[in-house]
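S.K.: Mind having a look at this structure? Questions to follow.
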Amino acid sequence: MDCSPREEITTATAVHSPTSTSTGGIVTAMDWSEDGVYDVSIEKILSSMREVPSGEHYLTPTELCAYDDMATTLVVDAALSFTTHKMNHRRRYIKTDERRAAAHVMDEFVKNNDFMMTLRKIFSLKSVRAFLAHQTDNKRAEFRDHLLRFLQMFSFKAGFTIEPCNRYSAEHNQGARLVVTRHWQKGDRIDRLCGVISELNPAEEAALLRKDQNDFSVMYSTRKQCAQLWLGPGAYINHDCRPSCKFVPNGRTASIQALRDLRPGDEITCFYGDHFFGDSNERCECCTCERLGRGAFTGIDENTSDSASASGSVEGDSSSSTTHAAVAAGAAATQPARVKYGLRDTDSRLNRPCWRSAIH
Ligand SMILES: [Zn+2]
């Protein structure tokens, strides 16, 4: 609904004055008056937010990469105090002083879960205003929704959260993992956790993906015969050969469903594919491979492996006396017999002759 200019000015003034702050890189009340049209547009977008956004989106792969990088910088990195995965490693998304401001905003959000206030503060950052300055209102709303998806990680109602993880060498042993914070039953959908999907054509793959740098979350749909970029909070779900959950694709997003009963502290893991970590996942570093002495742990002394198992590295095992063979059988049972979606062995994909020339 369009508003008259008088109504727009009134709305912007009434809303922004009490929420403006001089903390870090957040603009002051004076700054808000400099570009009132922009502020009114943003305020309309923020005031129409839904705490749990629609699963629908119309982001192109390029937009999804940029929005995801910006959102993870503002929410996840600010909360965890280190830089997590990025699609564009060379781009500097926010200024140094705004990193401190973003960290402060996230500290507050973790305590009060005030989605609207948090969005207002994030949208007040000068880097965010510059990022959105030439975007349409529809795209700004999509960015708002992408932020909300990540804020769910710190919501009291979400039933899961994100925490640092130093297990995986591919992340230089500084990554993250998702864990549940309440009991979930087998078959439950973790409804505030989603993956965001955007289909890639060969030209987009060549333009956006860099081998071993940002191809960490590319799925291949055998049904659609195309590669897909999977980002959003779901991209923080680690692989396990005996996964606790599975992805359930639904158009442009995917939900996450529990494959067994989960207890607080259990990690949310999914099965990426049979050959994601080399042939037959020979380089897999997951907890199950550690327990079974498989993948990257093949040939490691059994006593070391047993010690790791005893420490509880495999989540959700009901019996500590379960034999390796029985666990292996369980792993096979939880892996889909016919995988419609699987993270592709990206080395093979990017070295394919027909695309190699476009990438290099
Ligand atoms: Zn494994």
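S.K.: Before we move on, is residue 247 aromatic (Phe, Trp, Tyr), under 30 Å from residue 202 (Cβ atoms) and within 13 Å of the ligand (Cβ to nearest atom)?
M.R.: no
S.K.: List, please: which pairs have Cβ atoms under 6 Å, are six or more places apart or on different chains, and start with a residue in segment 44-72 that is at pLDDT 95 or above and end with one that is among the basic types (Lys, Arg)?
M.R.: Listed pairs, sorted by first residue: 69/86.
This table checks each residue for (1) in contact with a Ser or Thr (Cβ under 6 Å, 6 or more places away or on another chain); (2) closer than 25 Å to residue 249 by Cα; (3) among the hydroxyl-bearing types (Ser, Thr, Tyr).
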position: 134; (1), (2), (3): no, no, no
position: 145; (1), (2), (3): no, yes, no
position: 164; (1), (2), (3): no, no, no
position: 178; (1), (2), (3): no, yes, no
position: 181; (1), (2), (3): yes, yes, yes
position: 195; (1), (2), (3): no, yes, no
position: 206; (1), (2), (3): no, yes, no
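S.K.: Just checking, does segment 202-218 include any residue being assigned to a strand (DSSP E or B), in the same structural domain as residue 297 (by TED's automatic domain parsing) and not basic (Lys, Arg)?
M.R.: yes
S.K.: All but one of (1) modelled with pLDDT of 95 or more; (2) more than 21 Å from residue 162 (Cβ to Cβ); (3) buried (at least 20 other Cβ atoms within 10 Å of the Cβ); (4) more than 16 Å from the ligand (Cβ to nearest atom) hold for residue 261; which doesn't?
M.R.: Every listed condition holds for residue 261 apart from (3).
S.K.: Further question: Those residues that are within 16 Å of the ligand (Cβ to nearest atom) and among the polar types (S, T, N, Q), I need them from segment 208-244; list them, please.
M.R.: 238, 244
S.K.: In addition: Would you please name the residue that is farthest from residue 278 (Cα to Cα), looking only at residues in segment 230-245 that are over 11 Å from the mean Cα position of the chain (by Cα) and outside any strand (DSSP E or B)?
M.R.: So, considering only residues that are over 11 Å from the mean Cα position of the chain (by Cα) and outside any strand (DSSP E or B), the one farthest from residue 278 (Cα to Cα) is 244.
S.K.: If you don't mind, there's one more thing I want to ask. Identify, please: which residue in segment 128-162 is polar (S, T, N, Q) and more than 21 Å from the chain's Cα centre (by Cα) and is, among those, nearest to residue 268 (Cα to Cα)?
M.R.: Restricting to residues being polar (S, T, N, Q) and more than 21 Å from the chain's Cα centre (by Cα), the top hit is 138.
S.K.: Going by what's in this entry, would residue 224 be described as part of a loop (DSSP other than H, G, I, E, B), touching a strand residue (DSSP E or B) at 6+ places or on another chain (Cβ under 8 Å) and closer than 24 Å to residue 52 by Cβ?
M.R.: No: the conditions fail for residue 224.
S.K.: Do we find a residue being surrounded by 15 or more Cβ atoms within 10 Å (Cβ to Cβ), at pLDDT 50 or above, among the aliphatic types (A, V, I, L, M) and over 20 Å from the mean Cα position of the chain (by Cα) anywhere in segment 285-294?
M.R.: yes
S.K.: A follow-up question, please. Residue pairs, Cβ under 8 Å, 6 or more apart or interchain, first in segment 276-294 and in contact (Cβ under 8 Å) with a residue 24 or more places away in the chain and among the acidic types (Asp, Glu), second near the ligand (Cβ under 8 Å from one of its atoms) and not in a helix (DSSP H, G or I). List them.
M.R.: Hits for this filter: 285/277.
S.K.: Could you grab me the full set of residues in segment 254-276 that are under 18 Å from residue 218 (Cβ atoms) and touching a Gly at 6+ places or on another chain (Cβ under 6 Å)?
M.R.: 254, 273 - these are the residues of segment 254-276 that are under 18 Å from residue 218 (Cβ atoms) and touching a Gly at 6+ places or on another chain (Cβ under 6 Å).
S.K.: Among the residues in segment 88-100, are any closer than 24 Å to residue 194 by Cβ and modelled with pLDDT of 95 or more?
M.R.: No, the conditions are met nowhere in segment 88-100.
The values are calculated or read from the model by the stated rules, or taken from the named source; none is laboratory data. Predicted, not measured: the structure shown is a model, and the values here were computed from it. Ideal geometry is used to build each Cβ from the backbone, glycine not excepted, and the neighbour counts take in all protein chains shown.
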